[in-house]
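Let me begin by presenting the structure, written as structure tokens, before commenting on it.
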Amino acid sequence: MTNLSGDPTGEQWIDDEAGRIVRPYVMTRGRTQPSRGKIDLITLVVSTGPAAAAEPGLGPEHHVIVKICERPLSVAEISAHLDLPAGTVRVLLGDLVDRGLVALQEPVQETGVLDLETYKAVLNGLRTL
Amino acid sequence: MDSGRSDRDAGRVKLPTAIKILIAGGFGAGKTTMVGSVSETRPLRTEETLTDRGVGVDDLSGVEAKRTTTVAMDFGRISIGADHVLYLFGTPGQQRFWFVWDELALGAMGAVVIADTRRLADCFPSVDYFERRGTPFIVAVNCFDDAKRYEVAEIRMALDLPPDVPVVLCDARVKESSKTVLVTLVEHAMAARLRTRPEQPVTR
């Protein structure tokens, strides 16, 4: 492991093989799995209301998620906005779901079970782009 | 999952249905270019990490045991009315990233395999993967300016594709071209869906 010398804060640690590893797992207090089931990259997340500023156990990233998910965002988009790995976002989302601060909508999980109206809507949408 | 509470809370806001389409292909084939040309914003980036859960379960051939593997993916979003949102994921073509593919392919509407005729073999793993998994896919040949032009039939033969898999020529930089590719894929996926489950009701 090497400290990325270009970073003046010395905060970003980089594993030669794996990339940045320290910060995200500090944020999740070492957890790599969310407190509840599997969360897809396109699972949509929406806030159910503002989080109390002093909610115990929540870090700044939790509050950012609640804020940006006032309009529904996918796990992938949250990951991109926070510049955090998707796995870290899943753990943080588990905390927020436990507290009832966000609601999740899982996508259809099997190819071939999407309804035909969905295909038609997507086709029409693409054609009019 | 505390689905009771989630459902009730989600009921306050009508959430769109999220759909994903994978854009696969070898390094430099034009995946991110296509995502960017047709999405409503510039491509965003997310990162998946292979954690302990996969070890000993997934096929890790080519990946040394107990090593963290990270893969970055560029993706884009296309909002379709208020009811649907389409996500396009550029997926790296190398086999060692299959742990990500399995998750991405789950529930995907279909996949575009981008072929670069200068390095056609780079898209073999993607073609094999989607064929084996039964994910509807098409091949989009990205016509690079400096690449020799081939006929669709030649490419079809070189890739040993089943006759029903569409092959289209495209320029991933051009929105209209990328749009045509996606429309071709969704039409193909819809036809495949009708063949496998024609008896399904039209609405959920």
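So, in nm, how far is label B:Phe144 from label B:Arg42 when the simple model puts each one 7 Å beyond its Cα toward the Cβ?
About 2.4 nm separates the two model spin labels.
Given a Förster distance of 56 angstrom, what is the FRET efficiency for A:Arg71 paired with B:Ala158, based on the Cβ-Cβ distance and rounded to 0.05?
That pair, A:Arg71 with B:Ala158, gives E of 0.80.
Please sort B:115-128, B:161-174 by packing, taking for each peptide the average over its residues of neighbouring beta carbons within 10 angstrom, highest first. Before the final figure, lay out each step's value.
Values: B:115-128: 18.9, B:161-174: 16.4.
Peptide ranking by packing, descending: B:115-128, B:161-174.
Taking a virtual spin label 7 Å from the Cα of B:Glu151 along the C-beta vector, which residues in the stretch B:99-129 bring their backbone nitrogen under 12 Å of it?
No residue qualifies, since no backbone N sits under 12 Å from the label point.
Once the Cβ-Cβ distance between B:Ala72 and B:Glu131 is put in as r, and R0 is 25 Å, what FRET efficiency do you end up with, to the nearest 0.05?
Here the calculated transfer efficiency is 0.45.
Under the definition of partner shielding as Cβ atoms of other protein chains within 10 Å of a residue Cβ, what is the mean value for peptide A:75-86?
5
Just tell me how shielded B:77-89 is by partners: mean number of partner chain Cβ atoms within 10 Å of each residue's Cβ, no decimals. Working shown, then result.
Values: counts 5, 4, 1, 9, 4, 0, 4, 6, 7, 5, 6, 0, 3.
Shielding by partners across B:77-89 averages 4.
Within a 10 angstrom radius of the beta carbon, how do A:Glu106, B:Glu40 rank from fewest other beta carbons to most?
On the way: A:Glu106 17, B:Glu40 11.
Fewest-to-most Cβ neighbours within 10 Å comes out as B:Glu40, A:Glu106.
Net charge near B:Val127: determine it from the other residues with C-beta under 15 Å of the C-beta of B:Val127, scoring Lys and Arg +1 and Asp and Glu -1.
Result for the neighbourhood of B:Val127: -1.
With respect to the cross-link table entries A:Lys38/B:Lys179; B:Lys148/B:Lys175; A:Lys38/B:Lys175; A:Lys38/A:Lys67; A:Lys67/B:Lys20; B:Lys148/B:Lys179, which display a Cα-Cα separation exceeding 30 Å? Numbers along the way, then the final one.
Details: A:Lys38/B:Lys179 32 Å; B:Lys148/B:Lys175 23 Å; A:Lys38/B:Lys175 34 Å; A:Lys38/A:Lys67 23 Å; A:Lys67/B:Lys20 25 Å; B:Lys148/B:Lys179 24 Å.
From A:Lys38/B:Lys179; B:Lys148/B:Lys175; A:Lys38/B:Lys175; A:Lys38/A:Lys67; A:Lys67/B:Lys20; B:Lys148/B:Lys179, over 30 Å: A:Lys38/B:Lys179; A:Lys38/B:Lys175.
Read-outs: derived from the displayed coordinates by stated rules, not from any lab. All of these numbers come straight from a predicted model, not from anything done at the bench. Please note: Cβ atoms are built from the backbone with ideal geometry, for glycine as well, and neighbour counts cover all protein chains shown.
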